[in-house]
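Derivation of every value follows stated rules applied to the coordinates shown; laboratory data play no part. The structure presented is a predicted model; accordingly, all values stated were derived computationally and were not measured. Virtual Cβ from ideal backbone geometry, glycine too; neighbours counted across all protein chains shown.
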Amino acid sequence: MTTGGGTATIRAEMPPFIDAHVHANNRSSEDFRRLAAAGCAGVVAVAGEEGGFSLPESVLDHFRRLARVDRPRLQAAGVKCWLALGVHPRGIPARQAEELWPRLPAIWRELVADAVGEVGLEDDSPAERRALLEQLRLADQEKLPVIVHTPRRHKAMRLRTTLEILADSGIAPERVCLDHLDEDTLEPAADSGCWLGLTVHPAKLSPARVAGLVASRGGARIIVSSDLGANPSYLFGVPAAEQAMREMGLDEQDIRAAVHDNAAGFMDRPT
Ligand SMILES: [Zn+2]
């Protein structure tokens, strides 16, 4: 199997997988049908940065599009859609950001959000710290799970700061997935008690690296995703990681946990 194109008939007899981090507004309905044919049972459609937003209302319009356009497109393709609505560090509005935070709980309820995300630190500016802390507190108050991204640059250092902000917020670690982890950050993230996101992506982890990381500590709390979006990404990243794990001889239970069961457990956890 490839990570990109091609047909997916090879998966006809395979159990379903979940892709836990997808920027659905940047992908076509045809992609969703191909995912469904490949055995994708569900995706977590996360809000993103979209090149930046000028005002709070622009962020809310992005959320509305995901809920009213992209979630129905996924459902029409036969893929369950959990919706994660949050303000990405690069999506903090340039003006009036402080007016956005108090509006989040109402829009989450109105659009029936399943989670908050993706949120996190990119450059670790005061505005980013404030946005992360505020959203963690609100997510805790609303009893929603949160997808927290770790950036490409200074990943280990930003993870340490992120963990301090998580502690300040008071949110329970089992309500948080720390995403885009790598060889340097998986263990410190695991010590926090949070869920552990691994991303199969040309600019992040190869399927073989994901398999190696799962082999190093087992499938407990691991959640594999693709970060599908506008940039080059692997439509079949999760099944490619699944195949790499199988070729590496990993325990079937660990594989199922990493590509399906943990994502479902994280998103459907009782409040
Ligand atoms: Zn993303």
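In debye to the nearest 20, how big a dipole does segment 118-269 give about its Cα centre with +1 on each Lys and Arg Cβ and -1 on each Asp and Glu Cβ?
120 debye
Give me the base-10 log of I(q)/I(0) for the chain at each q in 0.10 Å⁻¹, Debye formula, one uniform scatterer per Cα, rounded to two decimals.
Scattering profile of the chain, log10 relative to I(0): -0.45.
Return one number: the angle in degrees, 0 to 90 and rounded to the nearest 10, between the long axis of the Cα atoms of helix 155-169 and the longest principal axis of the Cα atoms of the chain.
Here the helix axis deviates by roughly 60 degrees.
Give me the angle, in degrees from 0 to 90, between the Cα long axis of helix 126-142 and the longest principal axis of the Cα atoms of the chain, rounded to the nearest 10.
Compared with the principal axis, the helix lies near 80 degrees.
Check the straight Cα-Cα distances from K80 and name the aspartates and glutamates below 20 Å, setting aside those fewer than 8 residues away within the same chain.
Partners within reach: E13, D19, E30, D31, D70, E110, D114, E118, D227, E242, D261, D268.
Label R109 and R246 with points 7 Å out from Cα along Cα→Cβ: what is the distance between them in nm?
Calculated label separation equals 4.5 nm.
Taking the Cα centre as origin and putting +1 on Lys and Arg beta-carbons and -1 on Asp and Glu beta-carbons, what dipole magnitude results for segment 42-145, to the nearest 20 debye?
Dipole size: approximately 460 debye.
Please list the non-local residues whose amide H lies under 5 Å from the amide H of D179, H modeled 1.01 Å from N, same-chain partners needing a gap of 5 or more.
Residues meeting the criterion, in which the H sits 1.01 Å from N, are V148, H149, T150, G197.
Compute the whole-percent fraction of alpha carbon pairs in segment 57-141 spaced more than 14 Å apart.
63 percent
Using only C-alpha atoms and all pairs of different ones, pull out the Kirkwood radius for segment 17-170 in Å with one decimal.
Numbers: mean 1/r = 0.0635 Å⁻¹.
Computed over Cα pairs of segment 17-170, the Kirkwood hydrodynamic radius comes out at 15.7 Å.
Kindly express, to the nearest 10 degrees and within the range 0 to 90, the angle between helix 237-247's C-alpha long axis and the longest C-alpha principal axis of the chain.
Once rounded, the angle reads 40 degrees.
Reported to two decimal places, what Rg/Rh ratio describes segment 100-207 when computed on Cα atoms with Rh from the Kirkwood expression?
Here the Rg-to-Rh quotient is 0.96.
Less than 28 Å apart at the alpha-carbon level, and either on another chain or at least 8 residues along: which lysines does that give for K155?
K155 reaches K143, K204.
Over segment 194-255, what is the mean sequence separation of C-alpha contacts under 8 Å (at least six apart), divided by residue count, expressed as relative contact order in percent?
Value for segment 194-255: 40 percent.
What percent does the relative contact order of segment 16-267 come to when contacts are Cα pairs within less than 8 Å and at least six residues apart?
19 percent
For the pair T161 and D123, how long in nm is the line joining their label points, each one 7 Å along Cα→Cβ?
Label at T161, label at D123, 1.1 nm between them.
Mind giving me the nanometre distance, one decimal, between the label points for V69 and E98, set 7 Å out from Cα along Cα→Cβ?
In this crude label model, V69 to E98 measures out at 3.3 nm.
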